[in-house]
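Inspection log for the structure reproduced underneath, given as structure tokens.
The values are calculated or read from the model by the stated rules, or taken from the named source; none is laboratory data. On a predicted model such as this, the values are computed, not experimentally measured, just so you know. Don't worry about glycine lacking a Cβ; one is built from the backbone with ideal geometry, like all the others, and counts go over all protein chains shown.
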Amino acid sequence: MVDSQYYLPNDIGIAALDCGEAFKLLSPKEKLYAHYLSRAAWYGGLVVLLQTSPESPYVYVLLQRLFRKQAPAQLEAVADAAGLSSEEYQAFLVYAAGLYANMGNYKSFGDTKFIPNLPKFKALVWNSQAYKESPGEMEALWNNCSHLLYSLEDKQKQLGLGDKGVTTYFSGNCCLEDAELAQKFLDSKKLSAYNTRLFKKESAGKHCYEVRLASAVKKGEERRSLSSQGETRCGTYDFDEAVFSVQRGDYAFLMEKVSQNLEKAKAYAASDNQKGMLEEYIRSFTYGSVDAHKEGSRFWIKDKGPIVESYIGFIESYRDPFGSRGEFEGFVAVVNKAMSARFAELVSSAEVLLPELPWPPAFEKDHFLKPDFTSLDVLTFAGSGIPAGINIPNYDDIRQTEGFKNVSLGNVLAVAYATQKEKLTFLEEKDKDLYIKWKGPSFEVQVGLHELLGHGSGKLFIQDEKGKLNFDKAEVRNPETGELISSWYKGSETWDSKFSTIASSYEECRAECVGLYLCLNKQVLSIFGHEGEEAEEVVYVNWLNMVRAGLLGLEFYTPESKSWRQAHMQARFVILRVLLEAGEGLVTLCESSGADGRPDALITLDRSNIHTVGKRAMQKFLCKLQVHKSTADVEGGRALYETYSAVTSDGSHDFLRLRETVLLRKEARKMFVQANTLLKETVELEEYEATAAGLIQSFTQRFTEDAEKLEAQLLELVSIDAPCWCPTVAPCH
């Protein structure tokens, strides 16, 4: 019997992202701008299929062809004729909706594989109209994905590198050593890994690596001199007894579609900054230049308070097992003016609040670069999942000296964190009503602090390629030892390249800790409209939510490989461990038996100790996190973080046993149905019902004008890589 964590339940929560009112308020020009940006994002989002698993593009095309010929309501009769029960057909719809929502067959939050919860998938395909019209094509699609569709071999259960899981950022014969060598090569050539994939081959007894850059232009297709524009240098290089070949053309067709739609959006841009931003993005996606994307990001930072906000590119590195390559992501959203006013006040208070953080002034940026911080209603979010808040760009050299933007996604928060009392696990009854009442407001505070003062704080000590330091090495001392600091970032080293596999989770942990620490500040709570007793309730529920999330995080730990599959949940587990270690009754975690007789657990938080014991624990831990980060102390930072990340059965808590309890009582993460923009005489918004069928319909109507060509190109892109996913040569040196 298959573990239920590998199925999506038939009653999974599905919510519609409501942006109708916000969209109505846009001018015709703004609607056209939003439309073409959305088209660019949706085409680019298909890249994620190719970044997730070898079978994901095949399953996607199979489903698209089924639903293009017969809508879910029509296909139900086919399912009945094929012998599927109503529950099995619902399981089929949920699986299809899950594949679209996650842009692949691995969960975007947790990186665990999910498989269809029905045995008669093939019978449904063979009885469909799509099969009757094109039996050869449908059979070929099925044969290319059917084995992996259901496979739960140990390596197939989660994303990972080498024998730890599946990844398509690397060929199947790559392991951690290969990733580390490739990073050294990229650093030596001042190339970013963000928009790359790595493929390893054997030739004449040498390891040969192909670094593929995402670009519309392919090798040999350059239409003008690239070197004169500072574009990425392609070519073949000897490096450390290996050969590296840097080539353009990964995801070429999709990058071309992205660029074409950005070019159309440019005609409706509201400012020169928006035009400059789009021009640089087009250059980036055309030629594979991360430098051009950085330039676009600089224009984006300067585009203050736009009515239509967007960002697009290879952004977050959570799903690269090495932590350096970005997953494609694109969003388009409309400003929520009322909530944005609160965030603007928080930005204005930042220079007063930053000194409250528990590290010496030398460890804080020389100048706080006031960012744009807006609350947005999402119109389009293409990628593997939708976050509640964003702090971008992720380029450290820009964030440290030029600035960044913060985004809180209001309509995501509104539906993602609505909670039903009967589904609240691991809390005392007296806490549940408080939790339901204050979770939304408290999370709004946490997101604001996490994004602005979490990700936006802290200095990196850097020595540039000319030897110039951005700090005085005769003055800056480690606050714990009192000694002068002895390590820092040198040359082209970055936070991601140095801390690699722990970088994402470590940084999320630091930002979450900042949120917990600063939410104790009355000025912060007042900005969000919370005073007196109400403010204390917000603090309590914010901390309670964090310790509960730390327990829930155990779902995302894999004991077999001793690895974490989700950066934020690892971070929250680390915080739970820190607060348990603080003692004095601050947090208690007890195993018990539930009313149903099955194993259960109870987590409690002593609110009277939050401002004392809790604050001291956060103060000490936050300072350690920042010092290791600022000084590029990978060894010390890794030792600290991995100690608290360890899921052990030692001491007073058996976390491995608790993990089984968490899995037993887990609730599936919600899926979102998003609208489409349709260009008729004017731009119209097409919205869909909050069901699996509605989510499916939104995707089948998303690419109607070029569906067949698009699907053929997707299959061509994945077929190029087909030999690469099997580890045919020795995986390590």
As an exercise: evaluate Leu357 against (1) at pLDDT below 95; (2) within 26 Å of Phe621 (Cβ to Cβ) and give the number of the one condition it does not meet.
(1)
Give the residues of region 586-616 that are under 30 Å from Glu356 (Cα atoms) and in contact with a Gly (Cβ under 7 Å, 6 or more places away or on another chain), sorted by residue number.
Leu586, Asp606, Asn609
Condition check: farther than 27 Å from Leu99 by Cβ and either touching a residue at least 12 places away in the same chain (Cβ under 8 Å) or not polar (S, T, N, Q) (or both). Does Glu667 satisfy that?
no
Sole miss for Glu642 among (1) more than 30 Å from Val476 (Cα to Cα); (2) surrounded by fewer than 20 Cβ atoms within 10 Å (Cβ to Cβ); (3) at pLDDT 95 or above is condition (1)
Could you grab the pairs with beta carbons closer than 9 Å, sequence gap of 6+ or different chains, first residue in region 602-614 and without any contact (Cβ under 8 Å) to a residue 40 or more places away in the chain, second one among the small types (Gly, Ala, Ser) and crowded, with 18+ Cβ neighbours inside 10 Å?
Asp606/Gly614; Asn609/Ala582; Val613/Ala582
Considering each residue of region 405-415, count those that are at pLDDT below 85 and not β-branched (Val, Ile, Thr), and give that number.
5
For region 118-171, what are the residues that are part of a loop (DSSP other than H, G, I, E, B), among the small types (Gly, Ala, Ser) and surrounded by 21 or more Cβ atoms within 10 Å (Cβ to Cβ)?
Ser128, Gly165, Ser171
For a quick check of your reading: which helices (runs of 4 or more DSSP H) sit entirely within region 1-104 and have at least 2 residues that are under 24 Å from Leu262 (Cα atoms), at pLDDT 95 or above and charged (D, E, K, R)?
28-45
Among the residues that make up region 591-610, is at least one of them buried (at least 19 other Cβ atoms within 10 Å of the Cβ), at pLDDT 95 or above and closer than 27 Å to Glu364 by Cβ?
yes
Give the residues of region 317-345 that are under 16 Å from Val447 (Cβ atoms) and acidic (Asp, Glu), sorted by residue number.
Glu345
From the set of residues in region 552-585 that are touching a Gly at 6+ places or on another chain (Cβ under 8 Å) and among the basic types (Lys, Arg), which is nearest to Glu660 (Cα to Cα)?
Arg565
Does Ala668 count as at pLDDT 95 or above, out of contact with any Lys or Arg (no Cβ under 8 Å at 6 or more places or on another chain) and either surrounded by 20 or more Cβ atoms within 10 Å (Cβ to Cβ) or not β-branched (Val, Ile, Thr) (or both)?
no
Ser375 vs. criteria more than 15 Å from the chain's Cα centre (by Cα), within 22 Å of Ala16 (Cβ to Cβ) and without any contact (Cβ under 8 Å) to a residue 60 or more places away in the chain:
yes
Output the number of residues of region 193-226 satisfying the condition of being of a type in the set (S, T, N, Q) and either over 23 Å from Gln51 (Cβ atoms) or modelled with pLDDT under 95 (or both).
2
Within region 101-112, count every residue that is more than 11 Å from the chain's Cα centre (by Cα) and either among the hydroxyl-bearing types (Ser, Thr, Tyr) or surrounded by fewer than 22 Cβ atoms within 10 Å (Cβ to Cβ) (or both).
2
Qualifying position, being touching a strand residue (DSSP E or B) at 6+ places or on another chain (Cβ under 7 Å) and either closer than 28 Å to Leu379 by Cβ or at pLDDT below 95 (or both), among Ala632, Ala692:
Ala692
Tally the residues that are free of Cβ contacts under 8 Å to residues at least 40 places away in the same chain and under 16 Å from Val541 (Cβ atoms), restricting the search to region 491-530.
0
Would you be able to say whether some residue in region 458-466 is in contact (Cβ under 8 Å) with a residue 12 or more places away in the chain, assigned to a loop (DSSP other than H, G, I, E, B) and touching a strand residue (DSSP E or B) at 6+ places or on another chain (Cβ under 7 Å)?
yes
Would you confirm whether any residue within region 108-118 is among the aromatic types (Phe, Trp, Tyr), under 21 Å from Val47 (Cβ atoms), modelled with pLDDT of 95 or more and in contact with an Asp or Glu (Cβ under 6 Å, 6 or more places away or on another chain)?
no
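Rundown of residues vs (1) touching an Asp or Glu at 6+ places or on another chain (Cβ under 8 Å); (2) among the small types (Gly, Ala, Ser); (3) touching a residue at least 24 places away in the same chain (Cβ under 8 Å); (4) farther than 26 Å from His35 by Cβ, yes/no style:
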| residue | (1), (2), (3), (4) |
| --- | --- |
| Ile301 | yes, no, yes, no |
| Ile312 | yes, no, yes, no |
| Tyr318 | yes, no, yes, yes |
| Arg325 | no, no, yes, yes |
| Gly330 | no, yes, yes, no |
| Asn336 | yes, no, yes, no |
| Glu345 | no, no, yes, yes |
| Ala350 | no, yes, yes, yes |
| Pro358 | no, no, yes, yes |
For region 584-592, check the following and say yes or no: at least one residue is free of Cβ contacts under 8 Å to residues at least 24 places away in the same chain and more than 29 Å from Glu537 (Cα to Cα).
no
So, Glu635, is that one acidic (Asp, Glu) and farther than 30 Å from Lys164 by Cβ or not?
no
Look at region 227-246 and say how many of its residues are surrounded by fewer than 19 Cβ atoms within 10 Å (Cβ to Cβ) and either at pLDDT 95 or above or more than 30 Å from the chain's Cα centre (by Cα) (or both).
13
For region 18-59: of the residues being of a type outside the set (Val, Ile, Thr) and over 26 Å from Leu278 (Cα atoms), which is surrounded by the most Cβ atoms within 10 Å (Cβ to Cβ)?
Pro57
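Residues checked against (1) under 19 Å from the mean Cα position of the chain (by Cα); (2) crowded, with 18+ Cβ neighbours inside 10 Å; (3) within 30 Å of Tyr540 (Cα to Cα):
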site	(1), (2), (3)
Thr425	no, yes, yes
Leu434	no, no, yes
Trp438	no, yes, yes
His455	yes, yes, yes
Glu465	no, no, no
Which listed residue, of Ser146, Ser171, is small (Gly, Ala, Ser) and within 30 Å of Ala71 (Cα to Cα):
Ser146
